[in-house]
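See below for the structure under consideration.
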Amino acid sequence: MLPRRAWLAGGAVFAALPSIACAQASAWPTQPIRLVVPFAPGGTTDLAARLVSQGLGMRLGQPVIVENRPGAGATLASAQVAQAAPDGLTLLVSNIASHGVAPSLYRNLRYDPVRDFTHIALLLETPSVFVAQPRFPARGIADVVRLSRDMPRGIDIASSGTGSSNHLLIVQFGQVTGARVNHVPYRGAGPAMTDVIADVVPMMSDSLPSSAGHLRAGAVRGMAIASTARHPAFPELPSFREQGVDLVASSWFGLSAPAGLPPAITGRLSREVAAVLADAALQHRFAELGGTVGALSPPAYAEFIAGEVARWAPVVQASGAQVE
């Protein structure tokens, strides 16, 4: 049996643990943080990261450096972050492709989207859109369906990559309408949009924020938005539903870290991200781009991701899409 003095010493240590955790959280970070974006620059994932990173870096007192690592439908970078040290210095913009669709799409996925990460916050939700090169002859969704049947190969439609929600929107569009469409995957929305503007590919399925500037500039023409109604920032863009096609699809983007992140650092990140997202200027910028700011705690975001994995599994199965 331990002497009374040892018990008292042990009790003092346990009582000090919360204070130690708080001290660790307040001292962290002591060096720059890498925010990994699993797509190329120019897409919505990249935009969300860059808009949030500046305010987050100011609040944490260290630079938050955005690092683009595209490849394998966002799963390559996600796997790398899952294997990184859980010290709060490597973060990931988790998203619907890497953490919602990929578990059902990739046969040999090298991470579990829930168990292998500490999920911190939902940053942004956005509707999807179909856009076209301005010289493309179709003026609406009915024209796209008709032209796809008239063209020998059907119509090519680009997306940010295999497994993205925008890829699956193309698949669903073909299933629902009978249109003959060919998915053309890119390593991010930026390169895909460049080729649509250059008329290399006639159409693209994209998240609204990464298309917003190009739509306003007239570099691409909006064909349909996959929301329940027209978006207030783009009132001239008709929905799929009002064009007779029952399709609703959106994308989401959040902040995650490797599993095992200390609770004190998780809590600090959650609070600072919430403060960044509460900024009126940032909310206005997201709204201009057609996005909605997220508002989920770490446990709620983890639960949200688990629900997304379950929701997308039957959609992927029905599409027949599978990647080794």
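Worth a mention:
- Scanning the range 264-314 for residues that are of a type in the set (S, T, N, Q) and either outside the structural domain of residue 118 (by TED's automatic domain parsing) or in a strand (DSSP E or B) (or both) yields a single hit, 292.
- Single unsatisfied condition, residue 176 versus (1) among the hydrophobic types (A, V, I, L, M, F, W, C); (2) in the same structural domain as residue 303 (by TED's automatic domain parsing); (3) closer than 18 Å to residue 248 by Cβ: (2)
- Among residues of the range 171-181 being under 23 Å from the mean Cα position of the chain (by Cα) and either at pLDDT 95 or above or of a type in the set (S, T, N, Q) (or both), the one that is farthest from residue 320 (Cα to Cα) is 173.
- Selection of the range 164-222 for residues being of a type in the set (D, E, K, R), in contact with a helix residue (DSSP H, G or I) (Cβ under 6 Å, 6 or more places away or on another chain) and closer than 23 Å to residue 49 by Cβ yields only 206.
- Of all the numbered requirements in (1) of a type in the set (Ser, Thr, Tyr); (2) at pLDDT below 95; (3) surrounded by 15 or more Cβ atoms within 10 Å (Cβ to Cβ), residue 228 misses one, and that requirement is (3).
- Matching option when the condition is touching a helix residue (DSSP H, G or I) at 6+ places or on another chain (Cβ under 8 Å) and not β-branched (Val, Ile, Thr), among 239, 251: 251
- Among the residues of the range 88-117, those that are surrounded by fewer than 24 Cβ atoms within 10 Å (Cβ to Cβ), hydroxyl-bearing (Ser, Thr, Tyr) and out of contact with any strand residue (DSSP E or B) (no Cβ under 6 Å at 6 or more places or on another chain) comprise 104, 111.
- Any pair with Cβ under 6 angstrom, 6 or more apart, that starts in the range 61-81 at a residue that is in a helix (DSSP H, G or I) and ends at one that is of a type in the set (D, E, K, R): 77/69; 79/110
Yes/no matrix, rows are residues, columns are (1) within 24 Å of residue 312 (Cβ to Cβ); (2) among the small types (Gly, Ala, Ser); (3) free of Cβ contacts under 8 Å to residues at least 40 places away in the same chain; (4) not assigned by TED's automatic domain parsing to the domain that holds residue 100:
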{"residue": "181", "(1), (2), (3), (4)": "yes, no, yes, yes"}
{"residue": "195", "(1), (2), (3), (4)": "no, no, yes, yes"}
{"residue": "227", "(1), (2), (3), (4)": "yes, yes, no, yes"}
{"residue": "231", "(1), (2), (3), (4)": "yes, no, no, yes"}
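Condition check ((1) at pLDDT below 95; (2) over 30 Å from residue 285 (Cβ atoms)) across all residues:
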position: 141; (1), (2): no, no
position: 154; (1), (2): no, yes
position: 188; (1), (2): yes, no
position: 194; (1), (2): no, no
position: 203; (1), (2): no, no
position: 222; (1), (2): no, no
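- On inspection, residue 220 passes the criterion of being among the β-branched types (Val, Ile, Thr), under 25 Å from residue 232 (Cα atoms) and touching a residue at least 40 places away in the same chain (Cβ under 8 Å).
- Screening the candidates 147, 56 for the property of being among the aliphatic types (A, V, I, L, M), touching a residue at least 12 places away in the same chain (Cβ under 8 Å) and either out of contact with any Leu (no Cβ under 6 Å at 6 or more places or on another chain) or not assigned by TED's automatic domain parsing to the domain that holds residue 264 (or both) yields one hit, 56.
- Residue list for the range 165-194, restricted to those being surrounded by fewer than 24 Cβ atoms within 10 Å (Cβ to Cβ), among the small types (Gly, Ala, Ser) and in a helix (DSSP H, G or I): 174, 190
- Taking the range 82-100 as the range and being out of contact with any Gly (no Cβ under 8 Å at 6 or more places or on another chain) and not in a helix (DSSP H, G or I) as the test, the residues that pass are 83, 84, 85, 87, 88, 89, 90, 91, 92.
- Exactly one residue out of 98, 160 is within 29 Å of residue 256 (Cα to Cα), in the same structural domain as residue 43 (by TED's automatic domain parsing) and of a type in the set (S, T, N, Q), and it is 98.
- For the range 36-60, a tally of residues being assigned to a strand (DSSP E or B) and surrounded by fewer than 21 Cβ atoms within 10 Å (Cβ to Cβ) returns 0.
- Index of the failed condition, residue 118 passing every other in (1) at positive phi; (2) assigned to a strand (DSSP E or B): (1)
- Output for the range 243-260, where each listed residue is crowded, with 24+ Cβ neighbours inside 10 Å and over 20 Å from residue 271 (Cβ atoms): 251, 252
The values are calculated or read from the model by the stated rules, or taken from the named source; none is laboratory data. Small disclaimer: the values here were computed from a predicted structure and weren't measured. Ideal geometry is used to build each Cβ from the backbone, glycine not excepted, and the neighbour counts take in all protein chains shown.
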